[in-house]
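The values are calculated or read from the model by the stated rules, or taken from the named source; none is laboratory data. As the structure is a computational prediction, the values presented were derived from the model and not from experiment. All Cβ positions, even for glycine, are placed from backbone atoms using ideal geometry, and neighbour counts span all protein chains on display. Accessible surface is based on the protein model in full, side chains and every heavy atom, while ligands, DNA and RNA are left aside. Shrake-Rupley method; radii C 1.70, N 1.55, O 1.52, S 1.80 Å.
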Amino acid sequence: MSFSDVLHQETLSEDGSYTAYSKEYDEHYHSTKDGALKESLQKHVIPALKLVQQEEINILDICYGLGFNTLATLLYCAQNRPQTQLNIYSPELDAALIKSLKKFRYPAEFAAFRDVITALSDSGKYKSNNLYIELFLGDAREYVKRFENKFDIVYQDAFSPATNPMLWTQEYFSDIKKLMKKDAILTTYSIALKTRLALHVNGFHVYINKGEDYRDATIASLSALTSLEHVNMEHKIRCNPDVKPLQDSELS
Ligand SMILES: C[S@@+](CC[C@H](N)C(=O)[O-])C[C@H]1O[C@@H](n2cnc3c(N)ncnc32)[C@H](O)[C@@H]1O
């Protein structure tokens, strides 16, 4: 059985890399306009790894999906900082998807990581000299409660707040805050005011991730960052007094 026979259909995106469409969520795994590989690199991996300079980095990849953020992290580090020790933790609800990833048409840039892709698909774990990856097959909301003050980077890459609201609420980001170190970085493609408010009320500073050839995204941090354009949340709240962060109590 090929990858596209199951609940997810491979879709060619604008940068020439394949993403997938989820029938269950009626949504693509990546922006087909920005391109799967480009979105992963520009909205998550590059900004996070430019800001986090430690020699050992703990990354929480929410959620694994097709694994682009994890694999693009390996790609970036192989090209730019091969000595970095990477420890990547990633929850994923869809066990059948993980099993099918061996058959996914990944971009040529990921060819060097074929053994990683196979090991994660088969056993959910990979370990080598300076790399540790652990997948958790289950609910991210449960998984994130296991950690405290551990992560340097969080890739917040769930399906959209409209289709997967449980991974965008004020209470969810409160749990995420607890597991981040005080100088950690959170990246997300979402620029929705509700998302930024959920971060803001939890004490995050909110910044714009802007680039010439991709749509704006968001970076958040518990410590102030001087190198990025700050979002003036007080002004946004004054202009949009009726907009509130998503709450767990709104979930059906
Ligand atoms: C947008 S995709 C992630 C894309 C991924 N970062 C990538 O680069 O391929 C969202 C993923 O979240 C998973 N998911 C949805 N709800 C979840 C939950 N409560 N816990 C864990 N995973 C969840 C879905 O199965 C899907 O694979």
**OP:** Return a whole-number percent for the relative contact order of the range 188-234, with Cα pairs under 8 Å and 6 or more residues apart as the contact set.
**Re:** 39
Subject >> All Cα pairs of the range 85-195, percent lying beyond 21 Å >> reply: 44
Original post:
Just the accessible area for residue 133, please: 1.4 Å probe, Å², rounded to the nearest 10?
Top reply: 0
**OP:** Mind pulling the angle between the C-alpha long axis of helix 68-80 and the longest principal axis of the chain? Nearest 10 degrees, somewhere in 0 to 90.
**Re:** 80
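Past 32 Å, Cα to Cα: identify those pairs from 103/194; 43/244; 127/194, in the order given.
On the way: 103/194 37 Å; 43/244 25 Å; 127/194 38 Å.
Correct reply: 103/194; 127/194.
So how do 233, 166 rank on accessible area, 1.4 Å probe, biggest first, that is with the largest at the start?
Result of the area sort, largest leading: 166, 233.
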**OP:** Would you mind checking the pairs 150/178; 150/182; 38/177; 145/178 and listing those with alpha carbons more than 19 angstrom apart?
**Re:** 38/177
Subject >> DSSP bridge orientation in the chain - percent antiparallel, rounded to nearest 5 >> reply: 50
Original post:
Mind listing the phi-derived Karplus ³J(HN,Hα) values for the range 209-214, rounded to whole Hz, using 6.51, -1.76 and 1.60 with θ = phi - 60°, and x for any glycine or proline?
Top reply: 9, 10, x, 5, 10, 8
Subject >> Two-decimal Rg to Rh for the chain - Kirkwood Rh, Cα set >> reply: 0.94
Original post:
Using θ = phi - 60° and the Karplus curve 6.51 cos²θ - 1.76 cosθ + 1.60, what whole-Hz ³J(HN,Hα) does each residue of the range 231-248 get, with Gly and Pro shown as x?
Top reply: 8, 7, 5, 4, 5, 4, 5, 4, 7, 10, x, 8, 7, 10, x, 4, 10, 4
Original post:
Not counting the cut sites, what is the longest span of the chain without GluC sites (Glu not before Pro) that DSSP labels loop and that have at most 16 other Cβ atoms within 10 Å?
Top reply: 56-147
Original post:
In angstroms, what radius of gyration and Dmax does the range 116-252 have, counting Cα atoms only?
Top reply: 16.2, 51
Subject >> Surface share of carbon and sulfur [accessible, 1.4 angstrom probe, percent] for the chain >> reply: 50
Subject >> Per residue accessible area in Å² of the chain, where ligands, DNA and RNA are left out and the probe is 1.4 Å >> reply: 46
Original post:
Can you tell me the Rg and the Dmax, both Å, for the Cα atoms in the range 172-252?
Top reply: 12.8, 40
**OP:** Do me a favour and compute the ellipsoid semi-axes for the range 8-73 from its Cα gyration tensor, root of five times each eigenvalue, largest one first, whole Å.
**Re:** 24, 13, 8
